[in-house]
Amino acid sequence: MDARTIPIAPLLPAAVATSPRVKDAAFEYLTTRKDELIGWARKFSLFPYPFVTACCAMEFMAVSASPYDTDRFGAALPRFSPRQADLLMVVGTVTHKQAPVLLKVWEQMCEPKWVMAFGVCASSGGFYQNYAALQGIDKIIPVDVYVPGCPPRPEMVIDGIMQLQDKIAHSRHPVITDTF
Amino acid sequence: MDTLPSFPNPVRSIFEAIRDDSVIVNIGPSHPATHGTVQIIAELDGERVLRTDVHCGYLHRGFEKECEDHTWHNLIPYVDRLNYVSALVNDFAYCDAVEQLMGLEITPRCRYLRTLLSEYSRVVDHLTCVAAGLMEMGAMTAFLYLVMVRDFMYEHLAALTGARVTYSYGRIGGLARDLPDGWLVRLEEILVQYEEFVGRVHALVDRNRIFIDRLRDVGTITTADALSLGVTGPILRSTGVPRDLRKDTPYLAYAELDFDIPVGIKGDNYDRYFVRMREMDESVYMIRQLAQMLPGGPINVDDRRCTFPEKTLVYSQIESLINHFKLVMDGPSVPPGEIYCAHEAPNGELGFYLVSTGGGTPYKVHVRSPSFVHMGAASRMLDGGQLADIVPTFGSINMIGGECDR
Amino acid sequence: MAAASDLEALRRELVPAAGPATLSHGSFVFVLAPRELVPTVRRLRDEFGFDLLLDVTAVDWPGAVLRFEVVHHLYSTAHKVRVRLKTRVAADDPTVDSLGALYGSAAFMERECHDMYGIGFRGNFDLRPILLYEGFVGHPLRKDYPKQREQPLVPYRD
């Protein structure tokens, strides 16, 4: 036998290597690595849809500009078409009049999508406990990260983005099939 | 899905297409250039706008209903969030209205400091308006310069009030606290930085061919139309009328200051841009005068009806304890009556109509909001223009959702 | 603050048509009957130079016979004088005349007053909801509307 073809002994006996438990473990390892890679790519290339309504818009503008720049986190480029965005940042109070619009925008976004409730009005209605304001956007759409504050300091928003990035990094990303 | 999900439509459009070849297009309410939440239903003939139907109210948060449930003091954070870009002006206009109703006279130091901070807020508002307007036309650099100066001002105000954007700093009878050490020194540094950055923006934009072509003779409104439609503030001044409440019916310390009222020539977008830029320069000049003139003395008027007693007294004397308790639980007792008090906000005439039936909670608070009235005038400025002109015209109107919809 | 002479001239000229007049913190206040509203405003605009209609609002006095008090604020930019006009209407027919023919700003402000209080404005044919939305039942700023009665348009998630 020549030097280039070196027989490699199988790591595991054949009976064990083809058993279902081992095949699942190998599959899981592959899936985890794939999820880490895709999670890394997705978390550093967030395209926010700034659904801006109220005062929190001022802090959104501040966090997008210097010195608090969201571009450092990959989340700089806003996409004002829901089809092209993956992070719905609901910035400011959502009223009952605005709620159908919010739901429509969220439904138009394609998977994967995440929602950030920016500000205490989006998280829980803020101090507008009356007939007009929706008491938190999680009444109509699922929320991934809540950033309270009235309005939140830019550092809090960046903390929220980083926590969302951790969440994205540690979640599953099925790309080829429903599970893989 | 077999059927598309149906969403209820919160508004009803007033028109159908009048011609076979015109298209009805919906702009907003979730749109980058509608400054939050305004919906413009436009009928277009190609790129030309035939008619527009402006729908606001997407940020109606029930401010006036909240007012009937809270004490006069508790409303100050709500009032901040009306024109949230220049929050201090709202604070001081509201406190001024309540103080007049109570018959209080604020201390000289408070008067000058309120004037200084009102002008500071005016600079912040115009910076935001111009920055957003320029960004929407594509001038990102100018946006970043102006927002950087604005950020210095936010941090500076946070050193004074504790918050960057909405401060709750005004109090009935005075202010929350006095200036910290070194605040005025930092103020001068920021004003020098402001001049440098605004100088750069002028250099980039003022004589830029694209900028002039996009803004000159676009969104024009005549003086007669403006007055009939209730327009005040920089939009009215851009038509050539030097009407400004700070000069016409002076309040706070404006009668003692030396300043000019910039006016435009034609009432178009370019004039509004320039009126705002010049107003910022005038405000900076006023701030410098006020920083020199600031007298010493107490910040709050010494009146038991509205000023909280010192904490050391609250913990040691029973009368102060009761006074503090009553002020917190019942609110300052305002005699029955009504008042309409107007200040010159950066957008125009901001008026508070207060109705009191005695006691610590208002009977009615109504805000005369300049942005709301300007939304009524918006159609006049948008009709007949191009679709692409809707964005800069709307930006130059400076509609602030919190104030428009309350 | 307005000069005393301007207000006296106004009081002398308008008092025969309008009701009692008072001075309230710098604004001159007239209480009018509903039918006097449009003629008085026309005279104020044409003869006395009140070129800005600042505000249209209402106050709800639930115990009174004439429940709603409709309040108009006007301003003269030339003379720097403010005027407040108050009119009372009953709850079963809360309607006043619209000032849309005199001032363009009346359109939006009357829509808001209708939204919040249910005041009808004769002559304003566009009283669609402006701050509220289609399908909202009731008028929130009336004293008998509970503050926290929400009318959601979108069903809540479980």
Pick from the stretch B:365-397, criterion under 18 Å from A:A54 (Cβ atoms) and away from every other protein chain (no Cβ under 13 Å), ranking: surrounded by the fewest Cβ atoms within 10 Å (Cβ to Cβ)
B:G395
For the stretch A:34-65, name all the residues that are part of a helix (DSSP H, G or I) and either basic (K, R) or within 14 Å of chain B (Cβ to nearest Cβ) (or both).
A:K34, A:R42, A:K43, A:C56, A:A57, A:M58, A:E59, A:F60, A:M61, A:A62, A:V63, A:S64
Does B:E119 count as in a loop (DSSP other than H, G, I, E, B) and either of a type in the set (D, E, K, R) or more than 13 Å from chain A (Cβ to nearest Cβ) (or both)?
no
Can you tell me which residue in the stretch B:1-60 is modelled with the lowest pLDDT, limited to those that are among the β-branched types (V, I, T) and farther than 15 Å from B:F394 by Cα?
B:T3
For the stretch B:176-198, which positions are closer than 13 Å to B:M277 by Cα and either of a type in the set (V, I, T) or loosely packed, with under 11 Cβ neighbours inside 10 Å (or both)?
B:V198
Considering (1) buried (at least 23 other Cβ atoms within 10 Å of the Cβ); (2) in contact (Cβ under 8 Å) with a residue 40 or more places away in the chain; (3) farther than 30 Å from B:G174 by Cα, say which one B:P29 fails and leave the rest.
(2)
Which residues, taken from the stretch B:65-88, are of a type in the set (V, I, T) and farther than 18 Å from A:C150 by Cα?
B:T71
Filter result for the condition that a residue is of a type in the set (S, T, Y), free of Cβ contacts under 8 Å to residues at least 12 places away in the same chain and surrounded by fewer than 18 Cβ atoms within 10 Å (Cβ to Cβ), over B:Y285, B:Y315:
B:Y315
Where residues in the stretch A:23-42 are of a type in the set (G, A, S) and surrounded by fewer than 13 Cβ atoms within 10 Å (Cβ to Cβ), which of them is nearest to A:A169 (Cα to Cα)?
A:A41
Members of the stretch B:332-354 that are within 19 Å of B:D405 (Cα to Cα) and of a type in the set (A, V, I, L, M)
B:A342, B:A345, B:L350, B:L354
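Results for (1) in contact with a Cys (Cβ under 7 Å, 6 or more places away or on another chain); (2) under 30 Å from B:Y120 (Cα atoms); (3) in a helix (DSSP H, G or I), shown as yes or no for each residue.
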{"site": "B:S6", "(1), (2), (3)": "no, no, no"}
{"site": "B:I14", "(1), (2), (3)": "no, no, no"}
{"site": "B:V49", "(1), (2), (3)": "no, no, no"}
{"site": "B:E66", "(1), (2), (3)": "no, yes, yes"}
{"site": "B:D69", "(1), (2), (3)": "no, no, no"}
{"site": "B:N74", "(1), (2), (3)": "no, yes, no"}
{"site": "B:Q100", "(1), (2), (3)": "yes, yes, yes"}
{"site": "B:E105", "(1), (2), (3)": "no, yes, no"}
Which pairs turn up if I take residues in the stretch A:78-96 that are at positive phi and more than 8 Å from chain B (Cβ to nearest Cβ) and look for partners that are buried (at least 23 other Cβ atoms within 10 Å of the Cβ) and of a type in the set (A, V, I, L, M, F, W, C) with beta carbon separation below 7 Å, at least 6 apart in sequence or on another chain?
none
Out of all the residues in the stretch B:326-381, which are among the aliphatic types (A, V, I, L, M), closer than 20 Å to B:C306 by Cα and part of a strand (DSSP E or B)?
B:I339, B:L354, B:V355, B:V365
Reported set for the stretch B:126-152 where residues are within 11 Å of another protein chain (Cβ to nearest Cβ) and without any contact (Cβ under 8 Å) to a residue 40 or more places away in the chain is B:A131, B:M135, B:M140, B:F143, B:L144, B:V147, B:R150, B:D151
List the number of the failed condition for A:E155; all other conditions in (1) touching a residue at least 12 places away in the same chain (Cβ under 8 Å); (2) more than 18 Å from the chain's Cα centre (by Cα); (3) away from chain B (no Cβ under 12 Å) hold.
(3)
Among strands (runs of 3 or more DSSP E) entirely within the stretch A:80-180, at least 2 residues that are crowded, with 21+ Cβ neighbours inside 10 Å and of a type outside the set (A, V, I, L, M) occur in A:114-118
Determine if the stretch B:213-225 includes at least one residue that is within 14 Å of another protein chain (Cβ to nearest Cβ) and either in contact (Cβ under 8 Å) with a residue 60 or more places away in the chain or within 19 Å of the chain's Cα centre (by Cα) (or both).
yes
If I ask for residues that are in contact with a Pro (Cβ under 7 Å, 6 or more places away or on another chain) and over 18 Å from A:F44 (Cα atoms), which ones from the stretch A:57-71 would you list?
A:M58, A:E59, A:F60, A:A62
Which listed residue, of C:G138, C:G104, C:G100, C:G123, is over 26 Å from B:D225 (Cα atoms) and either in contact (Cβ under 8 Å) with a residue 12 or more places away in the chain or not basic (K, R) (or both)
C:G138
Answer with yes or no whether A:L164 is touching a Leu at 6+ places or on another chain (Cβ under 7 Å) and in contact (Cβ under 8 Å) with a residue 60 or more places away in the chain.
no
Tell me whether the stretch B:294-315 contains one or more residues that are closer than 24 Å to B:S86 by Cβ and aromatic (F, W, Y).
no
Quick check on the stretch C:77-94. Is at least one of its residues under 18 Å from B:V365 (Cα atoms), touching a Cys at 6+ places or on another chain (Cβ under 7 Å) and in contact (Cβ under 8 Å) with a residue 12 or more places away in the chain?
no
What number of residues within the stretch B:337-364 are more than 12 Å from every other protein chain (Cβ to nearest Cβ) and either surrounded by fewer than 16 Cβ atoms within 10 Å (Cβ to Cβ) or not aliphatic (A, V, I, L, M) (or both)?
8
Out of the residues in the stretch C:19-71 meeting the condition of being among the acidic types (D, E) and assigned to a helix (DSSP H, G or I), tell me which one is surrounded by the most Cβ atoms within 10 Å (Cβ to Cβ).
C:E36
Looking at the stretch B:199-210 only, could you name the residues that are over 19 Å from B:E279 (Cβ atoms) and either surrounded by 20 or more Cβ atoms within 10 Å (Cβ to Cβ) or polar (S, T, N, Q) (or both)?
B:N208
Selected residue [within 14 Å of chain A (Cβ to nearest Cβ) and surrounded by fewer than 24 Cβ atoms within 10 Å (Cβ to Cβ)] from B:N83, B:N90, B:N74
B:N74
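The values are calculated or read from the model by the stated rules, or taken from the named source; none is laboratory data. Small disclaimer: the values here were computed from a predicted structure and weren't measured. Positions of Cβ are backbone-derived with ideal geometry, glycine not excepted, and every protein chain shown enters the neighbour counts.
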